[in-house]
Structures are given as C-alpha cells and as structure tokens.
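Inspection log for the structure reproduced underneath, given as structure tokens.
The values are calculated or read from the model by the stated rules, or taken from the named source; none is laboratory data. The structure displayed is predicted, hence computed values, not measured ones. Glycine gets a Cβ as well: all are built from the backbone with ideal geometry, and neighbour counts include every protein chain shown. Note: accessible area is taken over every heavy atom of the protein model, side chains too, but ligands, DNA and RNA are not part of it. Shrake-Rupley method; radii C 1.70, N 1.55, O 1.52, S 1.80 Å.
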Amino acid sequence: MNPADGPNAPLMHSFMAIKRHIHADEIAEYTAFIAGPHGAMITGAMQTIDGGFGA
Amino acid sequence: MSDFSGKNILVLGGSRGIGAAIVRRFAKGNGNVAFTYAGSEEAAQEISSETGAAAIHTDSAERDALIATVTGRGALDILVINAGTAAIGDPLTFEPDAIDRMIDINVRAPYHAAVEAARKMNDNGRIIVIGSVNGDRMPFAAAPPMRLPNPPYRVWCAASPGISASAASPSTACSPARPTAT
C-alpha cells in the first residue's frame, strides 16, 4: 500500500527522525517481546514504533 | 530468542506484511500458531507451508465467523489482533459500506476477538493489538476520516497495519481478566 520504493516514500520519510521504512520483522520482534516472559507485567500500554513519524 | 513452545497462538490477519512476520516469529519460537486471512488465499497457504502454522479463512468483518474461529482454537496463550483496513480520502464521498467495513474490522472485531479469547485464555495470556499511528498520534489524524473509527481505548488503534511500515504502532494488553481495560 505504501512500499519503501513507492511515490510517497520521500514524503513519509520527511516526517521521520529515522528516515527509512520499518521492517515488518521489527514489529514482529516487539510483539514477541511483549508476548514473551519479559512482557508479563506490561498491560494497558501502547508502544509507538514509527521512526519518529509522529514525534 | 523467546521460546514459545507449548503456547497456543492465534494471529488475526497473518498472511501478509506485519502479520506474516509475526506468524514467522512465533513459529520460529516453536509456538503452536494459527492465523486468519481474508483475501489472500495464496499468500496464506505459502506462509502456512513455510511455517507449519494453520491458515484459517476468516473475515474479521464477519462477527460470528470471527468468534467461532477464536473459540475454535480453544484456550489461547497469545492472541495477536493484526487484521486491519483503512479508508483514506474525503469523508464526503466515502462509500458508506467501506466505512462500515473499516469500523467492523478495526474496532468491533478487536473487541469481540479479545473478549472471546479472554473467556478461556490460559494464565499469563497476552492480547496484543497491532494498530497504527494513524489511529493514535499522527499529526493530521484529527481529520474526520482518521478519527472516525477511533474507539475509546487507545490500544484499539484504527487504520491499517502495513499501510506504511513507518506507521505501525503496536499496542498491548496482557490481562485476560480485563480484556476491555486494554
């Protein structure tokens, strides 16, 4: 929908502190952390993973 | 790497993008993984073959089917609600059905799936919602098309995972006893 090589990429990156698309694997690793033993007491929380897009 | 062996895991929306990466990650950790898909039959079968995860056709917009799929997986340890969609454009010209479908998938489905999973979730269970900064803190998210599907709970993030990899904002709720408090 919005690939890293798509026409909107430069615009998207212009808002970001870290100017690249996030890899799906990076979201998956976060999910695994939350789902794993270290995430046992994390609840009702939200983690933004946007490379600083909305910062 | 976390070990998910013995864990019963369901990923809603797992055939592509972020969802597929999540399916792969849990499968790599030896979890017992199942995932749903709606439109991407071929991609779903590929992920299934690759990971050994069970692919289940379920459109999250269809409440009864969604509930049946969640309950059909028994006592879950981990539910990941990743399926999502987006309607982008001018609210004055949106197709009403497209808006309703977005609300069904992004707002209603996470609620029903979480509640049904929580009814019999194992101790130390996890419910994780993959949302988007579009539904939370994107600077121009105050525009009606983005705000419309925003539910009262912050973790019920609206919009599409994978619409932009730069806009994924995972959120989490780990208490099966209080699913609606997520």
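Among the conditions (1) without any contact (Cβ under 8 Å) to a residue 60 or more places away in the chain; (2) surrounded by 20 or more Cβ atoms within 10 Å (Cβ to Cβ); (3) touching a Lys or Arg at 6+ places or on another chain (Cβ under 7 Å), B:Ile47 misses just one, which is (3). Test A:Ile18 against the stated conditions and say whether it is part of a loop (DSSP other than H, G, I, E, B) and open to solvent by 40 Å² or more (accessible area, probe 1.4 Å). Criteria met by A:Ile18. Condition first: of a type in the set (Gly, Ala, Ser), closer than 24 Å to B:Ile128 by Cβ, without any contact (Cβ under 8 Å) to a residue 12 or more places away in the chain and open to solvent by 30 Å² or more (accessible area, probe 1.4 Å). Can you find one or more residues in segment A:25-38 that meet it? Checked against the condition, which is being of a type in the set (Gly, Ala, Ser), closer than 24 Å to B:Ile128 by Cβ, without any contact (Cβ under 8 Å) to a residue 12 or more places away in the chain and open to solvent by 30 Å² or more (accessible area, probe 1.4 Å), segment A:25-38 yields no hits at all. Assess whether B:Val70 counts as being within 18 Å of B:Val115 (Cβ to Cβ) and β-branched (Val, Ile, Thr). Answer is yes for this residue.
Being open to solvent by less than 30 Å² (accessible area, probe 1.4 Å), within 11 Å of another protein chain (Cβ to nearest Cβ) and either modelled with pLDDT of 95 or more or not in a helix (DSSP H, G or I) (or both): is that true of B:Phe35 here? Taking the combined requirement at face value, the residue does not satisfy it.
Evaluated against (1) at positive phi; (2) assigned to a helix (DSSP H, G or I); (3) of a type in the set (Gly, Ala, Ser), B:Gly89 falls short on exactly one condition, (2).
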